[in-house]
Amino acid sequence: MNYKHILVALELSDESHVLIDKAVYLAKQFDARISFIHIDGTHGEIYHELVDMKQEGAQRPLSVNAMDQLKEFEAYMDYPLRSFLVGTGDLGDKIHETVADHNVDLLICGHHQDFWSKIISYSRHLIHKSPVDILVVPMASN
């Protein structure tokens, strides 16, 4: 498979660097574009639409602290970033539309290998809803 647009689902943690590194490696192999997505599900769906921080940098759908952390991910990556989508709600509920709107053909997400992730797995939810290939990267337990 020759991927053309990789979407990386980021959390607000340094562990997301592992996902970014995997995306950059694959993008260089396939000459693909990379976009990021972060969905804050802690307060439900406050904003229905996703904001592309690359296009609409003045909008701030999340806290200042969260936005600063997300901007650090962009600065960390040594590869051009196509889009940086940010919103609230549930990524699984937004994945079909996001993939179609941005012509994504690979989703990269992390999966924590800890006790709580055995009970509540966000990556499993994405696997059931994604219309494209998914690379699920194991994240070490703390």
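Taking the condition of being closer than 26 Å to Lys28 by Cβ and modelled with pLDDT of 85 or more, how many residues in region 55-86 meet it? Of the residues in region 55-86, 18 are closer than 26 Å to Lys28 by Cβ and modelled with pLDDT of 85 or more.
No other residue among Leu7, Leu19 is out of contact with any Phe, Trp or Tyr (no Cβ under 7 Å at 6 or more places or on another chain), in contact (Cβ under 8 Å) with a residue 60 or more places away in the chain, crowded, with 21+ Cβ neighbours inside 10 Å and in a strand (DSSP E or B) apart from Leu7. Restricting attention to region 109-142, the residues that are modelled with pLDDT under 70, assigned to a helix (DSSP H, G or I) and β-branched (Val, Ile, Thr) add up to 1.
Considering only residues that are of a type outside the set (Asp, Glu), closer than 18 Å to Arg33 by Cα and either part of a helix (DSSP H, G or I) or touching a Ser or Thr at 6+ places or on another chain (Cβ under 7 Å) (or both), which ones fall in region 85-103? Show your work before the answer.
So in region 85-103, the residues of a type outside the set (Asp, Glu) come out as 85-89, 91-92, 94-96, 98-100, 102-103.
From what's left, closer than 18 Å to Arg33 by Cα: 85-86, 95, 98-100, 102-103.
Leu85, Ile95, Thr98, Val99, Ala100, His102 - these are the residues of region 85-103 that are of a type outside the set (Asp, Glu), closer than 18 Å to Arg33 by Cα and either part of a helix (DSSP H, G or I) or touching a Ser or Thr at 6+ places or on another chain (Cβ under 7 Å) (or both).
The values are calculated or read from the model by the stated rules, or taken from the named source; none is laboratory data. Because the structure is predicted, anything quoted here is derived from the model rather than measured. Every residue, glycine among them, receives a Cβ derived from its backbone with ideal geometry; neighbour counts consider all protein chains shown.
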